[in-house]
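Q: Take this structure first; my questions come after.
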Amino acid sequence: MEALRFDLEIPFWCSFGDYSSLNIKLSYPCPSLTTLFGLIQNALGFEALHNIPNKSLQNKLKKQYTEYFNNLKFSIIICNSGELIEDYVNIHKGSREKDKLEDALKKKLDGLITNHPNEEDIKEIMKYIKKYSFYNFLLDDDNQEYNEIYYKVVNYEESLINVIIGYWEGFSNPNNLYDINKIWLSTQINRQRLIEPKYSIYILSDDEGEFSLNNIKNALENPKRPLYLGESDDVVNILNISLVNIEKTNSARISSIIPGLYSNSDLIKLPTNLKFNTQKEIYTLCSVPKGELDTIIECYEYDGERFVFL
């Protein structure tokens, strides 16, 4: 079986942020599958979803990216875990004033929706009606995108429109309120970093097009954009990239991260799925072997490395 193998060398430091952590920004000990997929997307020149303003095109790309991701399998070997340090970082959080405004508007709307829409429709409605620009549209604008959401809102309860207008007009100066709504608060938190870790990666692909092994190999060797791993300023070197033939075997001595719970291992809960793919669990409990397992498992082998795919 053919696989793509390469080494990732971090010449300075990196951080693989665990966004479930709050006061301390923890780092996973290795790149997640989604981080590796992002590395490949960047090398191929694919656009990040948050850079695409058109919602219908964004939804189309979500399906396409999910299909590409599902056609790939990754195996991750931690060759050198690096030195774990902590430093400080300034992050921006949405203003508490904004949270208060949204909560107040939601409370006003809750009692008026008689034909309860599904959760996705509620999110879509709230996305628009909490904008000051939507209030302007209700007064005198003619925007096709807002026309569509207007009729969706009216479908549930026509009096919602009056509540939205009344909500914004209840303030002496809606323009000032809109400015408050845009405030971001800066706060300093601890962040974990890994100094000079090294990883070996194996990839299998069922894709015969953009994400075929040959295309990925060529893109990583000649990336369309500068590559990073983790945060946007975490430089990465990709070394020893080649297509190799791997063989199935059985062993208790595994080099790679293993999905599931095994003895003589450290446990991590690693992101293994794109966050917008709701058909699968986003996180997987994985084992990082510290030595020989107490059981023999099915794995693959190449040049003395035994590994499994996540």
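Nothing in this text is a laboratory measurement; each read-out follows from the coordinates by a stated rule. Given the structure is predicted, the values throughout are model-derived calculations rather than measurements.
Q: Just the C-alpha atoms of the stretch 1-80: what Rg/Rh do they give, with Rh taken as the Kirkwood radius?
A: 1.01
Q: Continuing with the same structure: Per-residue HN-Hα couplings for the stretch 23-36, Karplus 6.51 cos²θ - 1.76 cosθ + 1.60 at θ = phi - 60°, whole Hz, x for Gly and Pro?
A: These are the phi-based 3J(HN,Hα) values: 5, 10, 7, 6, 10, 5, x, 7, x, 7, 4, 5, 5, 5 Hz.
Q: Now, a different point. Under the rule of at least 5 residues apart or a separate chain, name every residue whose amide H is placed under 5 Å from the amide H of CYS79.
A: For CYS79, the qualifying residues are LYS198, TYR199, SER200.
Q: Need the full-extension length gain, ILE195 to GLU221, defined as separation in residues times 0.36 nm minus the C-alpha distance. One decimal, nm.
A: Between ILE195 and GLU221, full extension yields 7.0 nm more.
Q: On a 25 Å Cα-Cα criterion, which of the cross-link pairs LYS25/LYS217; LYS60/LYS248; LYS63/LYS280; LYS198/LYS269 come out too long?
A: Long pairs (Cα-Cα over 25 Å): LYS25/LYS217; LYS60/LYS248.
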